[in-house]
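The values are calculated or read from the model by the stated rules, or taken from the named source; none is laboratory data. The structure displayed is predicted, hence computed values, not measured ones. Here the Cβ positions follow ideal geometry from the backbone for every residue, glycine too, while neighbour counts run over all protein chains shown.
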Amino acid sequence: MSSASEIAPASPPRDGTSGPRDTVTGPSPGRRPGSRRARRAVGTAGHHAFLLVAVAVMVLPVLWALATSFKTAGGVFDENPLPLPPTLDNYRVATQDFPVWRLLLNTTVMSAGVTLLQLLIAVPAAYALVRFPPRAHRAVTAIVAITLLVPPQSLVIPLFLMISHLGWRNTLPGLILPQLFGTGLAVILLRDHVRAVSPTILGAAALDGARPFEVLRLVLLPILRPALGAVSILLFITAWNEYLWPVLAAPDIDHATIQPGLAFFLTQEGPEYGPLLAGSMLATLPIVVVYFLASRRVTDAFMHSGLR
Amino acid sequence: MEERGTRHAPPVGRARDRARPWLYLSPLLVALLVFVYGPLVFTGVLSFMSWNLTAPHPSWLGLANYQRLVEAPQFPHAARNTLLYAAGMLPFATVVPMALAIALWKRPGRTSAVYRALLFLPVVLAPVASAITWQFLLDPLSGLVNVVGSWFGFGPRNWLGDPSSALWSIVLITSLKVVALNVLLFGAALANLERGVIEAARLDGATEGEITRHLVLPHLRRTIVLLGLLSLVVVWPWIFANVAVLTQGGPDGSTDNVYYRLFTYAFTFFDAGTASAAAVVITAALAVVLGLGLLGARRTNGEPVPFTRRLVKVGAARRRQGKRSSVLG
């Protein structure tokens with residue numbers, strides 16, 4: 001943990017660019033306000049250097065994929081990362097030779113369905129576990145936590161047999177419902193957020209005569225909004241990028257999702273890297289939109305966090 | 001009004017109070033029973049059977065599937081690799097994203113919002129797409145990583161083709177996604193930390209290092225443990241996609257892991273029995289590790305320390321160092 005605080009950019013000793021501070025404090029060692037201001041400036045520089053390096057490392061692969069998606073078929077293997085001249089050929093191939101729009105629609109419906117159902121199940125459960133735990137709440141928590149350890153691959157064979165018997169292959173219920181096996185994660189994460197909410201606020205509402213469901217809907221949900229934003233982003237993206245289950249549940253191209261759809265570019269008539277990357281960018285765009293819509297909520301929390 | 005009065009009538013109220021939690025919990029319990037515990041039991045039963053998924057009925061086999069797992073060299077080897085993956089991934093699930101999240105949280109505003117949004121990008125890139133991207137970036141001849149390395153005098157390497165570097169290459173590729181996701185989750189945990197107290201400590205002359213150590217880190221202790229343990233579960237689909245696209249477990253089995261093994265048994269060889277036995281072994285091992293981890297976490301984390309007491313700690317630390325508040329002193 002102490003190593004983490006050292007990495008935190010605002011702590012001066014870790015900083016590589018501590019030169020300016022020395023030049024300021026050197027001539028007038030006794031004047032603390034000046035040295036403090038200098039130290040803060042150095043801290044600011046270190047702060048941005050730290051974050052910029054991190055951003056560069058994280059964003060580089062995405063930028064590379066974006067640039068390459070505009071390259072000509074021959075230029076994909078070029079050392080120059082820039083697409084010169086840029087072309088939309090890859091996008092044309094991706095949208096005309098493959099039903100990318102259909103796949104994206106299917107994926108959107110599936111991901112929204114999985115996220116909504118998981119939240120509908122997890123929020124009341126997290127609320128109950130914190131506010132009025134039943135006597136067996138330890139057992140319930142254990143039952144939920146254990147589901148987090150189960151590798152999804154080990155459930156796939158029975159779930160596949162289940163939806164086959166119900167005739168649910170290539171249907172939305174078959175695609176969505178089995179993915180509820182991941183609901184435990186939402187419950188555990190939300191439980192911690194509910195626990196962090198002051199009991200005084202919820203208790204006061206109850207004393208004012210609000211029923212438990214009213215406390216949940218009118219008091220807890222508004223407080224939890226940033227946490228719900230963060231958790232639903234996680235759930236939506238998990239569902240969106242799910243690969244294994246859609247392969248088995250919806251192999252029909254009209255009902256498939258974008259992730260197995262992307263693999264089509266790899267297997268059919270040799271790898272088509274340009275169209276694959278173009279399709280990937282189209283598959284990524286909706287999540288970026290979702291994230292930017294919801295991330296404003298997450299950032300809002302930083303301005304209105306005077307709750308406790 | 002009348003209705004609210006009846007809530008205090010003891011017999012009715014007590015029965016309702018006792019039933020209420022189950023009303024809120026029942027959808028969850030039903031979902032988990034149908035989609036986790038039922039299939040899990042079924043997998044357990046299958047692990048004693050021989051079934052190629054196309055035959056009409058499985059047939060009883062006893063412990064032969066488990067015996068095959070232990071005696072063939074692949075599975076124990078894959079298990080060792082899995083431990084290496086987990087150990088390599090741990091700092092990227094805890095310390096690195098926490099440092100980034102704290103840095104973002106320390107200076108709220110538009111710049112941090114932009115940083116935060118950009119840091120999340122690796123998660124949104126489709127798994128197949130990011131794997132393909134890295135195949136190009138790590139290319140032994142024209143890959144950008146080797147090009148940049150040559151500027152600093154490093155010779156070209158076949159990162160994914162060399163058994164000594166393939167696993168760690170997969171770890172580093174996948175770590176971007178883990179860092180990105182956990183920056184978001186650490187950020188959500190920090191959203192519950194009251195900013196006013198930090199401002200007060202700052203006005204009082206506490207350095208950023210002291211604020212981090214005594215106010216921010218104690219708040220995150222639970223989150224660190226939780227996300228560290230969760231990473232043992234959530235990283236595998238990402239690692240799986242990278243292994244499946246880039247190395248298929250090779251070279252020389254150096255990137256193989258138990259999850260990829262399980263997949264190979266089930267969907268390459270259609271051997272439901274051996275795959276189920278592998279699933280049982282993986283689940284049991286994870287259960288032991290995470291169970292011990294969560295127990296340990298509960299022991300070290302009681303009630304969160306109240307802010308006032310943490311503030312006193314900051315003051316005490318400053319007094320020990322013989323500093324005086326530059327604002328008040």
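Counting only helices (runs of 4 or more DSSP H) that fall entirely inside the stretch A:128-243 and contain at least 1 residues that are within 8 Å of another protein chain (Cβ to nearest Cβ) and among the acidic types (Asp, Glu), the qualifying elements are A:183-196.
When B:VAL243, B:VAL183 are screened for being closer than 27 Å to B:LEU84 by Cα, within 12 Å of chain A (Cβ to nearest Cβ) and not basic (Lys, Arg), only B:VAL183 passes.
Give the stretch B:200-249 a look and list any residue that's more than 17 Å from B:ALA180 (Cβ to Cβ) and aromatic (Phe, Trp, Tyr), or say none. Across the stretch B:200-249, the qualifying residue is only B:PHE240.
The residues of the stretch A:254-294 that are modelled with pLDDT of 85 or more, in a helix (DSSP H, G or I) and not aliphatic (A, V, I, L, M) amount to a single one, A:GLY279. For the stretch A:81-99, the criterion of being closer than 25 Å to B:ALA297 by Cα, out of contact with any His (no Cβ under 7 Å at 6 or more places or on another chain), of a type in the set (Val, Ile, Thr) and surrounded by fewer than 22 Cβ atoms within 10 Å (Cβ to Cβ) is met by no residue. For the stretch A:46-72, the set of residues classified as assigned to a helix (DSSP H, G or I), crowded, with 18+ Cβ neighbours inside 10 Å and of a type in the set (Gly, Ala, Ser) consists of A:GLY46, A:ALA54, A:ALA65, listed by residue number. Note on the stretch A:244-253: residues that are assigned to a helix (DSSP H, G or I) and either surrounded by fewer than 22 Cβ atoms within 10 Å (Cβ to Cβ) or more than 11 Å from every other protein chain (Cβ to nearest Cβ) (or both) amount to 5.
Yes/no matrix, rows are residues, columns are (1) within 23 Å of the chain's Cα centre (by Cα); (2) part of a helix (DSSP H, G or I):
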| residue | (1), (2) |
| --- | --- |
| B:GLY153 | no, no |
| B:ASP162 | no, no |
| B:SER175 | yes, yes |
| B:GLY196 | no, yes |
| B:GLU210 | no, yes |
| B:ARG213 | no, yes |
| B:LEU217 | yes, yes |
| B:LEU226 | yes, yes |
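Being buried (at least 22 other Cβ atoms within 10 Å of the Cβ) and either of a type in the set (D, E, K, R) or in contact with a helix residue (DSSP H, G or I) (Cβ under 8 Å, 6 or more places away or on another chain) (or both) is true for just one of A:LEU166, A:LEU159, A:LEU148. Which residue is that? After ruling out the rest, the residue left standing is A:LEU159.
Would you say A:LEU117 is crowded, with 17+ Cβ neighbours inside 10 Å, hydrophobic (A, V, I, L, M, F, W, C), within 26 Å of B:LYS177 (Cβ to Cβ) and in the same structural domain as A:ALA239 (by TED's automatic domain parsing)? Against the criterion (crowded, with 17+ Cβ neighbours inside 10 Å, hydrophobic (A, V, I, L, M, F, W, C), within 26 Å of B:LYS177 (Cβ to Cβ) and in the same structural domain as A:ALA239 (by TED's automatic domain parsing)), A:LEU117 qualifies.
Entry remark, the stretch B:112-123: residues being touching a Ser or Thr at 6+ places or on another chain (Cβ under 6 Å) and buried (at least 23 other Cβ atoms within 10 Å of the Cβ) number 0 in total. Could you say which residue among B:VAL171, B:VAL234 is in a helix (DSSP H, G or I) and in contact with a helix residue (DSSP H, G or I) (Cβ under 7 Å, 6 or more places away or on another chain)? Every option except B:VAL171 fails the conditions. Among the residues making up the stretch B:129-142, a single one is touching a Ser or Thr at 6+ places or on another chain (Cβ under 7 Å) and either farther than 21 Å from A:ILE233 by Cα or in contact (Cβ under 8 Å) with a residue 24 or more places away in the chain (or both): B:LEU138.
Against the numbered list (1) touching a residue at least 40 places away in the same chain (Cβ under 8 Å); (2) surrounded by fewer than 17 Cβ atoms within 10 Å (Cβ to Cβ); (3) assigned to a helix (DSSP H, G or I), B:ASN81 comes up short only at (2).
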